[in-house]
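Heads up: the structure comes next, in structure tokens.
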């Protein structure tokens, strides 16, 4: 069976039972980032999964969230948890939401699951979808590396901080900060210039 969710549909029940129901890794960083987005603004949550805890932090911050995930089971869980959030089941890089303008976009735990060329295209698409002063945050290891995803066993690729910085700048975004959370996730925080 084809899994358009980079293997996450096949392990959705396990993921939802773990990350989707508990844990707070990354919540503080996402809350801090959400405070930089226009109050009440529209935020695109790429690879939203079942919505907990990242989408929950965005909703709690008073943002209008639009979720995208390619795993039907994740989308069903997200809809059940957040009936007021507009969520679609489609690949992030081809999302129909890119026809809209957003005050912010987040890709927590997603970018490195995509092939390098797709990561580059997605960064450019997000940049074009941001309103002036719109914010984009994504996570990927600071170092350039390849590994197999712990849950799916599929290849993951970090392009490394230097290359991500160049891609962000080439897309018309400014890197405004970088940080790490307690789970050793590296955050790249950007703003549309």
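The values are calculated or read from the model by the stated rules, or taken from the named source; none is laboratory data. As the structure is a prediction and not an experimental result, all values here were calculated from the model. Reconstructed Cβ throughout: ideal geometry from the backbone, glycine too, with neighbour counts over all protein chains shown.
Some observations on this one:
- Filtered residue count, segment 182-191, keeping only those that are surrounded by 14 or more Cβ atoms within 10 Å (Cβ to Cβ) and either modelled with pLDDT of 95 or more or out of contact with any helix residue (DSSP H, G or I) (no Cβ under 9 Å at 6 or more places or on another chain) (or both): 6
- Residue 156 being closer than 25 Å to residue 38 by Cβ and either in contact (Cβ under 8 Å) with a residue 12 or more places away in the chain or within 16 Å of the chain's Cα centre (by Cα) (or both): no
- Residue within segment 1-10 that is farther than 20 Å from residue 150 by Cβ and surrounded by 24 or more Cβ atoms within 10 Å (Cβ to Cβ) present: no
- Filter pass, residue 87 being within 23 Å of residue 133 (Cα to Cα) and in a strand (DSSP E or B): no
- Of the residues making up segment 34-57, those that are free of Cβ contacts under 8 Å to residues at least 40 places away in the same chain and closer than 15 Å to residue 77 by Cβ are 48, 50, 51, 52, 53, 55, 56.
- For residue 104, the test of being touching a strand residue (DSSP E or B) at 6+ places or on another chain (Cβ under 9 Å) and on the phi > 0 side of the Ramachandran plot is failed.
- Check on residue 159, modelled with pLDDT of 95 or more and out of contact with any strand residue (DSSP E or B) (no Cβ under 8 Å at 6 or more places or on another chain): yes
- Residues in segment 43-53 that are surrounded by fewer than 24 Cβ atoms within 10 Å (Cβ to Cβ) and modelled with pLDDT of 95 or more: none.
- Candidates 108, 33 - the one that is under 20 Å from residue 176 (Cβ atoms), over 12 Å from the mean Cα position of the chain (by Cα) and buried (at least 21 other Cβ atoms within 10 Å of the Cβ): 33
- For segment 58-67, the criterion of being out of contact with any strand residue (DSSP E or B) (no Cβ under 9 Å at 6 or more places or on another chain), surrounded by fewer than 17 Cβ atoms within 10 Å (Cβ to Cβ) and either touching a residue at least 12 places away in the same chain (Cβ under 8 Å) or not in a helix (DSSP H, G or I) (or both) is met by at least one residue.
- None of 156, 73 is part of a strand (DSSP E or B) and under 14 Å from residue 5 (Cα atoms) except 156.
- Qualifying residue in segment 136-148 (condition: over 26 Å from residue 184 (Cβ atoms), without any contact (Cβ under 8 Å) to a residue 24 or more places away in the chain and either in contact with a helix residue (DSSP H, G or I) (Cβ under 9 Å, 6 or more places away or on another chain) or buried (at least 19 other Cβ atoms within 10 Å of the Cβ) (or both)): no
- In segment 112-135, the residues that are touching a helix residue (DSSP H, G or I) at 6+ places or on another chain (Cβ under 8 Å) and part of a strand (DSSP E or B): 135
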